[in-house]
Amino acid sequence: MNIEQKRLDNGTIEYTLTNNRGMTVKVINIGCSITEILVPDKTGRFSNVVLRYDTLGEYFRNEFFLGAVVAPVAGRVENAEFEIGDEKYSFAPNEGENLLHSGNLNLYNKIWESVVEGDKVIFQYKMGDEFPGAPLIKVIYSLNEENELKLEYEINVDGPSAVAPTNHTYFNLSNESAGDVGGHSVKSTAGHYLKMDEDLIPGSVEKCDGIFDLKDGRLFKDVFDSDDEQVRIASDGFDHYFIFDKSDHSVEVTEEESGRTLNVTTTSPGMVLYTGNSLDDNADLQNRKSGKYLGFCLETQESPASLKMSIGHDARMNEDDVYRRETVYSFGLKK
């Protein structure tokens, strides 16, 4: 495995990770963003299977969070406030009365410190008193010879805090530059999901029945065409938190025509499965025409709903806690 680094404009550094099988991953220090993953299809053709902006400057805005690490808390926090012990913390809402992806505190378009150590690229960002506990966030990228890209998260805090970071890469495993992800099939043993209200705020834990049952595989197109009320609320797709069964924290997505597969395993308790329902024509993408459903995200993380309700885990941290999670993206071909 090899890592090269290249200095770009405005203090940006691009890291290129390659293995001996030809897989290539490019990440930049703006938001630890993944800008390229080249993997072969069933004919041996390599293509970029993630959405990327056409210009570097777009990553300093990144309206759609392409490829970025969303931190310290990804997802929606009801009424833009939460409590830790006896303390209530309030933030400036940025989606109605609620907080989405940490609002203006999100690190997705900030320059992170970065360094190469051995076969790893290590990103680091120290937050200040603007967020409880002043988290020190590390995200580590590595690639192996089995076409597995690993993301490791490590967070230390100076006091009580709440963290739920994720990576917001949009994947599209097809070779068609304008094709959406409707032909992709998703499979997971996740047994429960968080049911949401009209403002996309979770209110209850529900069994994965009907369109939410992914055990036998589910075409995204069938989700888009579903008349399920929860699908409608999320702009005719998935934007829901799935809770993994204790024995299986994984999800697999397959694209039939290219033959590509993406298997994701994680130590996180669940994931937001998002099907690009809010993507529109305004994203200036490289080699692709932007539009609804053009990519899907597998946002492995804790859920900020745990700050408001009991869901089997808690995003809160104490001063002596160290947050450690890892997620592995494994690319292959359908057998």
Tally of Lys pairs whose C-alpha atoms are under 30 Å apart, taken over region 161-303, 8 or more apart or cross-chain | 21
Determine which aspartates and glutamates satisfy two conditions relative to Lys6: a Cα distance under 17 Å, and not lying fewer than 8 residues away in the same chain.
-> Glu14, Glu36, Glu113, Glu117, Asp119
Taking 0.36 nm per residue of separation between Lys292 and Ser177 and subtracting their Cα-Cα distance, the length gained on full extension comes to 40.0 nm
If we sort 116-129, 46-59 on the protection proxy, mean other Cβ atoms within 10 Å, highest first, what's the order?
-> 46-59, 116-129
What is region 83-230 by shape, rounded, prolate or oblate, if you read a ≥ b ≥ c off the alpha carbon gyration tensor as root eigenvalues and call it rounded for a/c under 1.5, prolate for a/b larger than b/c, and oblate otherwise?
-> oblate
Segment Thr55-Met309, extension gain: residue separation times 0.36 nm, minus the distance between their alpha carbons | 87.4 nm
Rounded, prolate or oblate: which fits region 204-275, taking a ≥ b ≥ c as square roots of the Cα gyration tensor eigenvalues, rounded meaning a/c under 1.5, else prolate when a/b beats b/c?
-> oblate
For Lys215, Lys292, what's the fewest-to-most ordering of other Cβ within 10 Å of each Cβ?
-> Lys215, Lys292
Which whole-number percentage describes the relative contact order of region 2-333, with Cα contacts under 8 Å and a sequence gap of 6 or more?
-> 18
Packing-ranked peptide list from 321-334, 196-209, highest mean Cβ count within 10 angstrom first, is 321-334, 196-209
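Bear in mind that the values in this text are calculations on the coordinates, not laboratory data. Since this is a predicted model, take the numbers as computed values, not measurements. All Cβ positions, glycine included, derive from the backbone under ideal geometry; neighbour counts span all protein chains shown.
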